Amino acid sequence: MDNFKIYSTVITTAFLQVPHLYTTNRLWKPIEAPFLVEFLQKRISSKELKNTKAICHIDPSWVNLNASFIRDDMISIKATTDDMDLDAICRISLPLPMNTNDLTAELEKMKRILLDLSEKFNLELIITKEPAYFTPEQTGESKELCIYVHALGFRSNLMECEPQLLAFVDLIKKNGMTLPPQHYIIEPMELNSYSVLPLYMGVDMENFKHISRAFKTSIYAPSLITLSRDLKANPQIFFSGAVHSLSLLARKTLRESISVNSKSFFYRRLTNITPGKLLFIRKYYQQKVNQLILKYQSLIRVTNEYIEFQSISTNLLEMVIKNFTIQVLHEIVEVQISLNENCAMSPELIIDSFFGHTGNQIVVITPKEDSFNQLIVVGNQSSTDEASDTSILHYLSDFIMGSNQVINPNLRQIKAIFEIHPDFEDFISGKKNGKLTRIMELSACLIQLEMEEEDDNLYLNLVSDSFPDFKESFKNVINEFPAEESFFIPEVCHRPIIGTGGSLIQATMRKHNVFIQFSNSFNLPQNKISMIRYDNVIIRCPRKNKANICLAKNDLKQIVQEYDSLQSKTLIRFSSGQYRHILHVNGQKNIIGQIEKNENVYIMIPLKEPLDGTSQLSIQGNDENASRAANELVNSAFGYEYEFKIDQEIDPNKEYEFYNLIVVPFLQIMNIIVTFEKDLITFTFEKDTNENTLTKAIELLSNYLETQKTKIIFKKIIKKFVLGSASSKSNTSNSNTNGNFRSMNNAKSRTTIDNTSQSGASPQRHKMPVITTVGGAQAIKGYIPNTYYNGYGYGYGYTYEYDYNYANSNKAQTNNRHKYQNGRK
Amino acid sequence: MSPSPSVSPRRTLNNKSSYINNSGGLVLPPTQFNLNQQPVLSFQQKATFDSNQQFFYYPESPTKNLRPRFNSISQVNKGVNEDHYTGGGSSNNNRPSRYTNTMGAANTNVNSHPHHQSVSHLNSKSLKFNQTKEVSSINEIIFPSRTCTKKRYFTKPIDLYGTRSSTSVAPKLTNSPTKSKTNFNIKKCILPRSVVTTYKLPSPVHETIDDISKKIIILLISLKFEKNYHFLQPIQLSTNSKTRISKSLDELCGVQLTSTLRQQKQLQGNSKPVKNLPNSNAKQRAGASVSTNANESFELSFDGKAMDRSDIFRMVDSFSIAISDEDEEDEEEDSFQQRSANNRILPAEILSNEPLK
C-alpha cells in the first residue's frame, strides 16, 4: 500500500440546463453540491436555483474549490484533489442544418438513436434551437435554419461516442443540393485496437488528409485521447461523403494501405517512472505526447504505473522513445524538500501554498500523514507559458522564500531529481566531469549521477542545503541539458554540407558551437497513401546555447540553397493518377528510397496530390544521375496513361454517377485509375495491362458516355514521361509546382516532418460550379461544409489541441475541420 | 522488494577503497566518531551508502591538491570495480549506449570516415545491449520491478558538511568561514541494465472486443441506410446492371469482362456467406434487447413508416431475400434510360422519398 498522497489540480465544467427542443434527460439533476449552490446564490434567486438543473461532478473529496462562469450556461470549476482520476465533465456541440420546415418530424426521427447513444455511453444528448454552450463562428452566408446537437458527460464517454455522433449528424442532415446526391453516405470501419489508430492516421494525419482530399470524404475517427483510456469496445471510424462509391473506396483504401494483419509490432515499457511524474505528464504533456504519436505513428501510453510504446519497426520505436525522453522526461524535474526534524508541515499548508493560484502547473506528493517534514514537488524545469512563469523554481521560491517565513529558516535540505537519457551521460558530465565539477564550484551543492539496474534512464541528483545555492545550481544544471532539433534535408545534399573530409561541417559546428549529426532515412517504413520524409539531421548543443541551433540550421539551409542552384533537374510528367500509382508502389517496395540511395538523387514527391493536369515531378542530382534515376523511376514505378478528350464537359450533376459507374468500378475490376477534369479523362494503368482489357475499358467508357449524349473525339496513349533536363532558368518556373528549398523556411521543424516538396497553391478541381439554369430553375449550390465543431476534434485535425476550456480552441478546431470537409471548400 | 544482491557487495567494496585512500591525504574523522558510526553501519545498508559519501569531501583542502587525489581515486576505482563507473577518464572509456539502434542503417552517416573523429563517442557504441525478443502476447512479458518510489521519494537528507549537530543550521551557515571554499566530488553510481529488450508481438496491444451494444450507428446504417445508398447511387460497371453491387466493392473484383450466365450464378452463390454475417450479429442483438424494448416503437428516417423493434429484426432476417428481389430482368439499356429520365423529371423531394421496390 502506498504511504503517500499525490495532490494535483482538477478542472471540470458544470452545465446548466437551457431551453431545449429535446433532451434525453439522463444526467440532468437539481443542483445539490453545496459549493455550487453557494456560488450560484450570488447570481440567481433561491427559487430559480431550485428549478435549475445541471450536469456537474464535484467529488466530495475535492478541496480548494474555485468557480467562474464561462458563459451563462457553463461554469468552470477548479479544485485540488488527491485522486489520480483524470475524467471530467465536458461537451461536444454540433450544428445540424435543417433544410425542411417540418422540425417536429425531424426530431421524431432522431429521438430513438439519441436515446440509444445516451444509454450506451451514459451521456446527456440535448437539442437546442439556439447555439447553447458555445459561440458559433459567424458566417454571414449561412442564413438557413440550424439546430444544435450537444453531448454532455464524462470525457472518456464522450471520446468513445464522438465518431458515432458525428456520423449520425451526417446521416440526418442534407447537403443543401436540390438534386441528387442530397444525402451524405456513411461507411463504417472497425479496428481491433486503439493502439493502431496512429498508424491509420499517418504522420501528422497525412493518411487521413490524403484520403479526404482524393476521395472527397470526411473521416470521423476517435481522438488520440482514447489511446490513454482503457476502452473495451472496438474503435469505429466513419467515412462520410456525397458519392457512394468514393466512401466505400476511402474505407477500402485505408484498410488495405495499412494492412495491420501483415505487420509485426514492437513494444517496450519504461517501468521505473515515479507516479508523480506520470501524473504530471498525463495532466500537462498530453499535447506534446499527441504530437509525438502522430510524428512517429506509434503508440505512447502513459498510465499510473508505466509508459508503454508500440511501433511497427524497431527503428521507429527507438526514435519515438528517445524523442519522448528528450522532449518530455528531460523537461520534468522532481524536487524533494526536507525540513528539520523539529519542524512540520500540514496538508493545508501545502494546498494553500502550491495550489492557491488555479493556473499552477504542479503536482505535490506528501506522506500520508497529518504532519510531515518532507514533500516532493513535480514541475517543469522551464516555463512553458509566455504570460506567466510556470517553472518549478517560481513555485518553490514562493513556497520557501514566501511571506509566511516558516519554511526557509527550517530548511534542512533540498534535492532535485532530473531524468536523462543514457546516451547523454557524457554530454551532461563534460570531459572528466568538468561541467558538473564547475557547477559544484560555483555554488555549494552536491551532484550525483545514478542508474540502478531496473532504471531505464540516468538520474542526476542535485543536493543543496540552502535555497539560494540550490537555485543557482539548478539553473546551471538545466543550462547543460541537451537542446536538440531534428529535421529533414535530402540525403543528396548531405555530402556537400559535410564537405571534403568533413571540413565544411567542422567549420559550421565550430562556428556555432553545436554538434551536427547526419543519418539517412531510406529504409524507414512507408505506406501506400503518403510519402514520409523522416528527420535525418540532428543539431544539438547545451540548452544555454539553444539560439545557436537556429543559426546553424540557417547555415545548412544556405548551403543547400547554393547547392540546389548548381544541381540539374530532370523533369517528369506527373498526373494525379500517376501520383496515386507511385505511392502505391512505394508503399510496397520503398522504390523511391532505393533510387535515391543508389543514384544519390532527391525525388521531389509533392506533399499533396497534384490537381493540375500539367504538373511535373522533379529529380535533383547531377546531370548523369538525375537522368538515370528518372528513367529508373519511370520504369519501376510508373504506369502508362491513356488520355481521352470528349466533346463536352462532364456534367457536374452527374459527377457522382461517373464515379459510381466508371471511376471506382474500373479501379476495382481492371486496376485502372481514372481521373478527369472537365472534358479530359485519363486512364493510368500498369504497363503489363492486357490489351484486351484496355479495349474493353474504352468500350465500357464509350457505352456510358453514349447514355450522356457524349462521345470520345480524341484519344492518346502516353508511354514516355521523362521530359529531359532543365536549366537553372526554367527551374524558377517549375518551382511553383515542384517546390524548392526556400519553402523550408516556412515549415514547422518540430511538429511536422520537414519536406521541401510543397505543391503550389492550385484551385480545387472538383469544385461544384454555381449554375443558373435557363427558365428560372433553382440554382445549384455547392456542398455545404460543417463549419462548426467545438469539441476536442475528431482525430485528424492538423493542430491537435487539448484544452479544458473550450473557448480557446474553438477557432483552431473550426478552421481545421473546415479545411478537410469532403476534400473541398 | 529486496534490493539486488549484486549491489551490496559493490558498495561495501567501494567503502573499503575510500578508507584506503583516507591515509593518502584525507583528513581522518575522529576515532570516536567512527566508533559511533559502527553500529549504524551494521544495521542498515542505506547508512553505509550515505555515510560513504563523506569520505569524498575535502574540507580545508587547497585547490591545487584536488586534481591528483581526484585522479588517483578514479584510477583505484577503475581497477577495483569493473562494472562500477566512477570518476574521470570517461572520454577514454566510452560506455556502450543501451539505446543504440539494432539496425545500423538509420544512423549510418553518409560520410562516416571523414568526420568519424567528431562523432566517435556515438559511433563507437556497440549494438550488443539491444535485443528483440518474440512473444505471442503482452502477458508473457516479465517487466522489471518498480523501485522508483522507494528510492526517490522521501529519501533522508545527506550530510553535506560532515559533522553536523542537531542544533539549528542557519547561524552556522552564515558564520562558517570555510563555506566559500567548500567543494564536493561528483558521486556516480551507474549500474546500466545489461540488456535492453524490445518485444516483438504479432498483433497490436490492447485489443478490443466486438461490442455490438456500442455499434449503434453501424447498426443503423447497416439495417436502414445501406440499401437506400445502393438504390439512390447504384455502383456497377458502366451500363452493365448485372454487375451492380449490393454490399461491398469486393463484389466488383469477381466481375469477368466477358461474363457468361453460369459465371453469374457462381458469383451469386459465392456472395451468400458474406450476407449471413450481418444476420448473425443482428440475431444476437435481438436476443439481448428485444425482451426489454419489444413494445417500444420509433420512426425510420426515410420512408417514415412506424415500426417497432421486432419488425426491424424480421426485416433483417429477410435481408438476403430482399436483395435477390432486386435482380432486374428488364433490358439493361432501357432500365438505365428510365432511371436517368426519372432523375431529370421528378422533383428531388419525391425521388428521395420513393419507397423501395
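The values are calculated or read from the model by the stated rules, or taken from the named source; none is laboratory data. Being a predicted model, the structure only gives us computed values, none of them experimental. We place every Cβ from the backbone using ideal geometry, glycine too, and count neighbours over all the protein chains shown. Note: accessible area is taken over every heavy atom of the protein model, side chains too, but ligands, DNA and RNA are not part of it. Shrake-Rupley method; radii C 1.70, N 1.55, O 1.52, S 1.80 Å.
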Threshold 50 Å², the stretch B:209-228 residues less accessible with all protein chains present than alone (1.4 Å probe): B:214, B:216, B:217, B:218, B:221
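Over all alpha-carbon pairs in the stretch A:183-264, figure out the percentage whose distance exceeds 19 Å.
Values: 1127 of 3321 pairs.
Result for the distance tail: 34 percent.
Can you give the FRET efficiency for residue A:41 and residue B:213, using 1/(1 + (r/R0)^6), R0 = 45 Å, r = Cβ-Cβ distance, to the nearest 0.05?
Numbers: r = 42 Å, r/R0 = 0.92.
After rounding to 0.05, the efficiency reads 0.60.
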Under-5 Å amide H pairs with residue A:70, H placed in peptide plane, nonlocal only: A:75, A:76
Rounded percent of accessible protein surface that carbon and sulfur make up, the stretch A:568-639, 1.4 Å probe: 43
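In µm²/s, what is D for the stretch A:568-639 at 25 °C and 0.890 mPa s, where D = kT/(6 pi eta Rh) by Stokes-Einstein and Rh is the Kirkwood radius from Cα pairs?
Working: Rh = 12.0 Å.
Here the translational diffusion coefficient equals 204 µm²/s.
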Accessible area expressed per residue, the stretch A:265-480, with surrounding protein chains retained (probe 1.4 Å, Å²): 28
Neighbourhood net charge (9 Å Cβ-Cβ; Lys/Arg +1, Asp/Glu -1) for residue A:682: -3
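Can you compute the FRET efficiency between residue A:635 and residue A:691 using 1/(1 + (r/R0)^6), with r the Cβ-Cβ distance and R0 = 25 Å? Round to the nearest 0.05. Write down the numbers at each step before the final one.
Working: r = 20 Å, r/R0 = 0.79.
The formula returns an efficiency of 0.80 here.
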Sites residue A:370 and residue B:149, calculated FRET efficiency, Cβ-Cβ separation with R0 30 Å, nearest 0.05: 0.90
Coordinate range along principal axes, alpha carbons of the stretch A:477-573, Å, largest first: 54, 32, 21
Amide proton proximity set for residue A:31, modelled H, under 5 Å, gap of 5+: A:54
Residue-by-residue Karplus 3J(HN,Hα) for the stretch A:638-645, coefficients 6.51, -1.76, 1.60, Hz, glycine and proline x: 8, x, 8, 10, 10, 10, 10, 9
Normalised per residue, the volume of the convex hull around the Cα set of the stretch A:1-181 (Å³): 148
Residue-normalised accessible area of the stretch A:19-114, given per residue in Å² at a 1.4 Å probe: 50
log₁₀ of I(q)/I(0) at q = 0.14, 0.20, 0.21 Å⁻¹ - the stretch A:673-713, Debye sum with one point per alpha carbon: -0.35, -0.68, -0.74
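What's the buried accessible area, both sides, between B and A using a 1.4 Å probe, rounded to 100 Å²? Walk me through the intermediate numbers first.
Values: alone 27480 and 35430 Å², together 50390 Å².
Accessible area lost upon association: around 12500 Å².
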Solvent exposure of the stretch A:485-561 as accessible area per residue, Å², 1.4 Å probe: 33
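How far, in nm, would the chain grow between residue A:702 and residue A:352 when pulled straight, counting 0.36 nm per residue and subtracting the alpha carbon separation?
118.0 nm is the gain from fully extending residue A:702 to residue A:352.
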Binned Cα-Cα distance frequencies in the stretch A:265-480 - 5 Å width, integer %: 1, 6, 14, 18, 18, 16, 13, 8, 4, 2, 0, 0
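Which whole number in µm²/s is D for the stretch A:596-709 by Stokes-Einstein, with the Kirkwood Rh taken over Cα pairs at 25 °C and 0.890 mPa s?
Working: Rh = 16.2 Å.
The Stokes-Einstein estimate is 152 µm²/s.
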Shielded by partner chains, the stretch A:660-695 residues - at least 20 Å² of accessible area, 1.4 Å probe, vs chain alone: A:660, A:661, A:665, A:668, A:669
Accessible surface of the stretch A:1-91 [probe 1.4 Å, protein heavy atoms]: carbon and sulfur percent: 47
Shielded residues, the stretch A:463-488 - accessible-area loss of 50 Å² or more between chain alone and all protein chains, probe 1.4 Å: A:465
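Considering only Cα-Cα distances, which of the following residue pairs are longer than 31 Å: A:432/A:546; A:475/A:511; A:263/B:247; A:129/A:678; A:654/A:696? Present the calculation step by step, with values, prior to reporting the outcome.
Numbers: A:432/A:546 23 Å; A:475/A:511 25 Å; A:263/B:247 28 Å; A:129/A:678 41 Å; A:654/A:696 22 Å.
Those over the limit are A:129/A:678.
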13 Å cut-off, amide nitrogen to a point 7 angstrom out along residue A:32 Cα→Cβ, residues in the stretch A:58-99: A:58-60
5 angstrom amide H check on residue B:196, placed H, neighbours 5+ away: B:130, B:131
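At 0.36 nm per residue, and after removing the present C-alpha to C-alpha distance, how many nm does the segment from residue A:49 to residue A:104 gain when stretched out fully? Intermediate results must be reported in sequence, preceding the final value.
Numbers: separation 55, 0.36 × 55 = 19.80 nm, distance 3.02 nm.
Extra length from residue A:49 to residue A:104 when fully extended: 16.8 nm.
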Backbone HN-Hα couplings from phi across the stretch A:670-684 [Karplus 6.51/-1.76/1.60, Hz, Gly and Pro as x]: 10, 6, 10, 8, 9, 10, 8, 8, 6, 9, 10, 10, 10, 9, 10
Hz values of 3J(HN,Hα) by residue in the stretch A:534-541 - Karplus curve (6.51, -1.76, 1.60), Gly and Pro given as x: 7, 4, 10, 10, 10, 10, 9, 6
Net lengthening on full extension, residue A:261/residue A:547 (0.36 nm per residue, minus Cα-Cα): 98.4 nm
